[in-house]
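Structure, as structure tokens:
The values are calculated or read from the model by the stated rules, or taken from the named source; none is laboratory data. This structure is a prediction, so every number in the text was calculated from the model and none was measured. A quick note on method: Cβ atoms are made from the backbone with ideal geometry, for glycine too, and the neighbour counts reach across all protein chains shown. Note: areas computed on protein heavy atoms with side chains; ligands, DNA, RNA excluded. Shrake-Rupley method; radii C 1.70, N 1.55, O 1.52, S 1.80 Å.
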Amino acid sequence: MRDDFRGITALVTGASKGLGRAYALELARRGARVILLARSEGDLRELAAQIREHHGRPAADAAAGDPAGRDAGAVVERLAAPDAEVIVGDLAAPDGPERILRELRDRGLTVDLLLNNAGMGSAGPFLGRPLEPQLLSVGLNVSGLLALTHAIGNELVARGTGGIINVSSTAAFQPMPYQASYAATKAFVLSFTEALAEELRGTGVHVMAAHPGAIATGFFDGTTATIDPRAADTPARIAANTLDDYARRRAVSYPGRALNRALTWPARLLPRTAVVRVAGRFNRWLRMHEVVDLPQ
Ligand SMILES: NC(=O)c1ccc[n+]([C@@H]2O[C@H](COP(=O)([O-])OP(=O)(O)OC[C@H]3O[C@@H](n4cnc5c(N)ncnc54)[C@H](OP(=O)(O)O)[C@@H]3O)[C@@H](O)[C@H]2O)c1
């Protein structure tokens, strides 16, 4: 399973922390070269250094045995050595995706696996919370994901190989009062990814959506909302399970605990009016209707 990623180049969005950081580490552990993308340059550079230190191999070692470095085995080894590139970019900015794509081209970086992980979302009553972060969330979770998928997807299809993983959420399966705009963006990712996977069937390009439930990350940082660690999976477990599912060429991944997957079924079977009431009651029980920003 692990060897499926050896020698490929994976672009991980939102790699500076949380789940994206775990994806980058797991991909490097499995032998991939990773391109780390987010806005926080310091965190990305620290992660790149960690990956090079723990998973990279100095070129001199790789070429050992052939001083000219022309030995076929040595060259393959050197290409296979995990490495990390950093791209600092804002996927929610109107020109953000185009700048990122230009930088990939300028640096001669060819992506084999696009892992659209970066995401954000507002919690609390829609009308009582500021609009701007919710618009940014649509820009990041929807527009940024679409732009990268369109450009890199076309390159992958032209080469007839590679793949795309879009990180959605179990929040995608039902409307979520008090996380209304966030759940709607994830429903978009779910629908879009399933449709694209069908369009690309037979092209050699594999497309998969991943639907984690709660993960122990700083997703709600800066607000009074919290993630109960007892009900949350670790980012490392979600990353490993997602990549295993991708390696098995699954169309969809439920990388979290089994209950998360089971909870997506009632939403598919019951009337939507009933589903949205239950979801609202659940989020009120989590005090999501009272969420406010913490003082900075
Ligand atoms: N945590 C959960 O319970 C949970 C559950 C289900 C699904 N998910 C999904 O999992 C994914 C990762 O979430 P997480 O929990 O790891 O969140 P997180 O800890 O808040 O990390 C979000 C990542 O996205 C990056 N990002 C935010 N805005 C960006 C922008 N405008 N341009 C580029 N990068 C940006 C952040 O880096 P910078 O700030 O440095 O840009 C960070 O690396 C998201 O798609 C989320 O919806 C999370």
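Listed values, structure above:
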item: Any hit, the stretch 161-173, residues being open to solvent by 20 Å² or more (accessible area, probe 1.4 Å), more than 15 Å from the chain's Cα centre (by Cα), at pLDDT 95 or above and of a type in the set (Ser, Thr, Tyr); result: yes
item: Which numbered condition Pro133 fails, given (1) away from the ligand (no atom under 16 Å from the Cβ); (2) open to solvent by 20 Å² or more (accessible area, probe 1.4 Å); result: (1)
item: Residue list for the stretch 202-214, filter: closer than 17 Å to Asp245 by Cα and in a loop (DSSP other than H, G, I, E, B); result: Gly204, Val205, His211, Pro212, Gly213
item: Evaluation of Tyr246 against (1) modelled with pLDDT of 95 or more; (2) within 15 Å of the ligand (Cβ to nearest atom) (one fails), failing number; result: (2)
item: Hits in the stretch 223-235 - residues which are in contact (Cβ under 8 Å) with a residue 12 or more places away in the chain, out of contact with any strand residue (DSSP E or B) (no Cβ under 6 Å at 6 or more places or on another chain) and within 12 Å of the ligand (Cβ to nearest atom); result: Ala225, Ile227, Asp228, Pro229, Ala231, Thr234
item: Condition check for Arg272: under 21 Å from Leu115 (Cα atoms) and open to solvent by 70 Å² or more (accessible area, probe 1.4 Å); result: no
item: Qualifying residue in the stretch 147-169 (condition: in contact with a helix residue (DSSP H, G or I) (Cβ under 9 Å, 6 or more places away or on another chain), over 30 Å from Ala262 (Cα atoms) and β-branched (Val, Ile, Thr)); result: yes
item: Among the candidates Phe188, Phe126, Phe192, Phe219, residue that is among the aromatic types (Phe, Trp, Tyr), modelled with pLDDT of 95 or more and touching a Phe, Trp or Tyr at 6+ places or on another chain (Cβ under 9 Å); result: Phe126
item: Identity of the residue in the stretch 208-221, in contact with a strand residue (DSSP E or B) (Cβ under 8 Å, 6 or more places away or on another chain) and open to solvent by 30 Å² or more (accessible area, probe 1.4 Å), that ends up farthest from the ligand (Cβ to nearest atom); result: Ala216
item: Within the stretch 22-37, tally of residues that are out of contact with any strand residue (DSSP E or B) (no Cβ under 7 Å at 6 or more places or on another chain), of a type in the set (A, V, I, L, M) and either within 10 Å of the ligand (Cβ to nearest atom) or open to solvent by 50 Å² or more (accessible area, probe 1.4 Å) (or both); result: 1
item: Qualifying residue in the stretch 62-70 (condition: more than 16 Å from the ligand (Cβ to nearest atom), at pLDDT 95 or above and at negative phi); result: no
item: Inter-residue pairs, beta-carbon under 9 Å, first farther than 17 Å from Val275 by Cβ and in contact (Cβ under 8 Å) with a residue 60 or more places away in the chain and in the stretch 173-195, second aromatic (Phe, Trp, Tyr) and open to solvent by 30 Å² or more (accessible area, probe 1.4 Å), 6+ apart; result: Ser181/Phe126
